[in-house]
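The values are calculated or read from the model by the stated rules, or taken from the named source; none is laboratory data. Keep in mind the model is a prediction, meaning the values are calculated, not measured. Reconstructed Cβ throughout: ideal geometry from the backbone, glycine too, with neighbour counts over all protein chains shown.
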Amino acid sequence: MTATEPRAAALPQPGGPPAGRRPGLGARLLAVAAGVLLIAGAMGLQTLKLRPAEVADPIVYTGSKGEDVDARRFTLRLDSIAAAKALQGSSKTIATDNVFLVVAASAKSSLKPYHLATPVLVTAGGKRFEATDRVDRSVTLSNTFVQPDIWVSGRFYFEVPASALPGASVRFSLPQQGVVLEPYRPEVEIDLGLDDESARKLVASAQDVYPTVKK
Amino acid sequence: MSTNERDWFSPEQRQPQQPPQQPPQQPQQPPPQGWTPAPEGYTGQHARPGPGAPPRRHARPQPYDTRQPRPQMRGPYPDQQVWPPAGNRQQPGSSTQPIPAVPGAPAARPWPPQGLPPRPASAGQATGQAPAGAKKPRRLLVAVAAVAVSLLTVAVSLYDHHDFYQQQITRGLNHIETVVPAGQPGKVYNTEWRVAVAPMKPPEGNKHGPEVTWLKIDIARRVVDPASATMIGDPGDMKLRDRAGREWTVPFEVVGDRPLERMEVGKDYRIQGMAIVPTAVAQEVELSFEPSDYRSDTPTEDLFDREKMEALGLDVYVLRFRRR
């Protein structure tokens with residue numbers, strides 16, 4: 001009779017009570033609450049998900065003037081800033097109604113040679129100014145290879161209104177490689193340390209003609 | 001008109017009707033499933049009128065008191081079970097299909113089957129350890145399956161990212177590096193490459209101090225097989241690498257004769273480079289580059305032929321020259 005025993009045990013009693021025991025009301029309420037809590041938690045976690053634009057955001061390392069800021073892939077130091085009313089290149093002199101901000105920086109990299117991308121000046125109000133393209137790239141720091149353990153120095157030139165200077169900072173980054181937008185690119189943001197007073201002083205002390213090609 | 005039938009077209013009578021005839025006793029049957037006696041005080045206000053009753057808007061049927069026996073509205077015949085036969089009711093295992101009994105067939109098997117050990121009281125209550133033991137592996141199985149599915153999801157996602165990286169960043173190139181012993185030529189595509197790396201005097205007016213060493217790089221290439229005489233492309237990705245894997249770029253130029261169509265077999269063509277490295281690693285950095293697989297006799301239209309370009313393969317040969 002043992003051969004038929006499992007089959008007999010598997011058959012439910014017709015008309016009898018259902019096979020599984022129904023849990024009590026408290027346990028069921030608890031299960032429902034736990035389920036709701038889990039769903040709410042899952043939905044809450046969705047709000048933390050990075051949007052595509054945020055995924056593409058760089059990782060910004062901040063620092064102040066004269067300080068070596070290590071962005072892991074490259075290290076950058078902002079040496080000095082100056083203002084100018086005109087820039088003298090090798091062939092011609094360019095003038096502006098606004099003001100030329102000359103940013104002198106030094107950089108080295110960690111593992112590979114890079115060229116620095118065109119830096120961006122971010123005002124206190126969040127406006128962004130790219131370094132001017134009126135100055136040839138060959139006289140900026142972007143032209144120089146930034147290589148491991150070798151400090152190189154150079155300048156970048158911005159053409160901005162004088163009102164953009166107070167509270168402004170400059171962001172340095174590496175150019176995009178290939179067609180793929182790399183997430184978590186390193187970026188160095190250096191506060192120029194200009195308040196209203198010092199910005200006014202800087203503009204007032206602007207050189208008439210600043211030579212971009214140093215002899 | 002019988003006395004227990006109401007005249008719907010005459011005004012309602014105030015006094016209770018004569019108690020209707022008692023329905024005949026149900027023949028030994030429980031009430032049909034789903035029907036329960038109305039509780040005390042239930043008036044049946046919302047009960048639907050029985051079949052045959054006129055629509056409500058003409059006259060509302062008088063609510064009946066369920067404490068009284070159910071009034072017989074219509075249909076003098078009470079429900080009567082005709083199938084299955086009342087006698088089979090006691091055999092739960094028997095079929096309710098209206099199949100006529102086969103005369104002479106053996107009687108239906110009794111339920112529960114005779115001769116079997118008694119069933120457990122309920123499925124949930126364990127007869128010993130068997131069901132409890134069955135429940136534990138099941139939980140374990142679910143847990144293992146959950147972990148496996150999670151891992152699989154992550155793995156598929158990672159594979160997808162890696163695939164994307166391979167195609168977009170490295171473009172599926174397969175780098176084959178050959179390490180060349182010091183002083184010997186490296187050979188790729190039937191071309192021999194000899195290199196010499198030596199410190200040089202820093203040029204005048206440079207911005208670097210003694211922490212930087214200037215290196216002069218001389219490269220000579222010699223075709224040893226006429227079949228490769230048209231491989232005149234400049235090497236690519238020329239760099240100096242130290243043991244830690246850091247890289248310094250090597251700008252170079254072709255000096256002397258520049259091959260335009262074909263190179264002479266056995267003749268040295270020279271390439272000169274100049275690099276700066278930190279003095280600390282000047283003695284250990286090694287030159288590496290990728291000889292080009294370009295052939296000057298490639299028809300221009302072939303360069304735009306996807307199949308022919310893919311037929312060249314994705315292998316990229318890299319030569320790395322030891323210093324000592």
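Enumerate the strands (runs of 3 or more DSSP E) found wholly within the range A:94-190, keeping only those where 1 or more residues are modelled with pLDDT under 95 and among the polar types (S, T, N, Q). Steps first, answer last, please.
Numbers: elements: A:120-122, A:128-130, A:152-160, A:169-173.
Qualifying strands (runs of 3 or more DSSP E): A:152-160, A:169-173.
Could you tell me which residue of the range A:90-114 is farthest from the other protein chains (Cβ to nearest Cβ), considering only residues that are surrounded by 15 or more Cβ atoms within 10 Å (Cβ to Cβ) and over 21 Å from A:Leu192 (Cβ atoms)?
The initial filter retains those residues of the range A:90-114 that are surrounded by 15 or more Cβ atoms within 10 Å (Cβ to Cβ), namely A:94, A:96, A:98-110, A:112-114.
So of that shortlist, the ones also over 21 Å from A:Leu192 (Cβ atoms) come out as A:94, A:108-110, A:112-114.
On the way: A:Ile94: 25, A:Lys108: 10, A:Ser109: 9, A:Ser110: 8, A:Lys112: 5, A:Pro113: 4, A:Tyr114: 10 Å.
Taking the candidates together, the pick is A:Ile94.
Taking the residues in the range B:259-269 that are of a type in the set (D, E, K, R) and more than 56 Å from the chain's Cα centre (by Cα) as candidates, determine which candidate is farthest from B:Pro203 (Cα to Cα). Spell out the reasoning first.
Here is the first cut: in the range B:259-269, the residues of a type in the set (D, E, K, R) are B:261-262, B:264, B:267-268.
Those still in the list that are more than 56 Å from the chain's Cα centre (by Cα) too: B:264, B:267-268.
Working: B:Glu264: 34, B:Lys267: 31, B:Asp268: 27 Å.
In this case the residue turns out to be B:Glu264.
Would you point out which residue out of B:Tyr159, B:Tyr189 is more than 27 Å from A:Lys108 (Cα to Cα) and touching a Pro at 6+ places or on another chain (Cβ under 8 Å)? Show your work before the answer.
Values: B:Tyr159 fails: touching a Pro at 6+ places or on another chain (Cβ under 8 Å).
On inspection, the qualifying residue turns out to be B:Tyr189.
So in the range B:186-207, with the set limited to residues that are within 56 Å of the chain's Cα centre (by Cα) and not aliphatic (A, V, I, L, M), which one is surrounded by the most Cβ atoms within 10 Å (Cβ to Cβ)?
Here is the first cut: in the range B:186-207, the ones within 56 Å of the chain's Cα centre (by Cα) are B:186-197.
From what is left, the residues that are not aliphatic (A, V, I, L, M) are B:186-187, B:189-194.
Numbers: B:Gly186: 23, B:Lys187: 16, B:Tyr189: 16, B:Asn190: 14, B:Thr191: 21, B:Glu192: 16, B:Trp193: 21, B:Arg194: 16.
Looking at residues that are within 56 Å of the chain's Cα centre (by Cα) and not aliphatic (A, V, I, L, M), I get B:Gly186.
Output the residues belonging to the range A:64-93 that are under 27 Å from A:Gln176 (Cα atoms) and part of a loop (DSSP other than H, G, I, E, B).
In the first step, residues of the range A:64-93 are kept if they are under 27 Å from A:Gln176 (Cα atoms); the result is A:64-81.
Within the range A:64-93, A:Lys65, A:Gly66, A:Glu67, A:Ala71, A:Arg72, A:Arg73 meet the criteria.
Taking into account only those residues within the range B:208-249 that are part of a strand (DSSP E or B) and β-branched (Val, Ile, Thr), which is surrounded by the fewest Cβ atoms within 10 Å (Cβ to Cβ)?
B:Thr249
Tell me, yes or no, whether the range B:271-291 has at least one residue that is touching a Ser or Thr at 6+ places or on another chain (Cβ under 9 Å), farther than 22 Å from B:Leu314 by Cβ, without any contact (Cβ under 8 Å) to a residue 40 or more places away in the chain and in a loop (DSSP other than H, G, I, E, B).
So far as the range B:271-291 goes, no, none of its residues is touching a Ser or Thr at 6+ places or on another chain (Cβ under 9 Å), farther than 22 Å from B:Leu314 by Cβ, without any contact (Cβ under 8 Å) to a residue 40 or more places away in the chain and in a loop (DSSP other than H, G, I, E, B).
Residues A:Val213, A:Val152: which one is more than 28 Å from A:Ile59 (Cα to Cα), touching a helix residue (DSSP H, G or I) at 6+ places or on another chain (Cβ under 8 Å) and within 14 Å of chain B (Cβ to nearest Cβ)?
Details: A:Val152 fails: more than 28 Å from A:Ile59 (Cα to Cα).
Checking each option against the conditions leaves just A:Val213.
Is it true that A:Leu29 is modelled with pLDDT of 75 or more, within 14 Å of chain B (Cβ to nearest Cβ) and assigned to a helix (DSSP H, G or I)?
Numbers: modelled with pLDDT of 75 or more: yes; within 14 Å of chain B (Cβ to nearest Cβ): no; assigned to a helix (DSSP H, G or I): yes.
Judged against the criteria, A:Leu29 is not a match.
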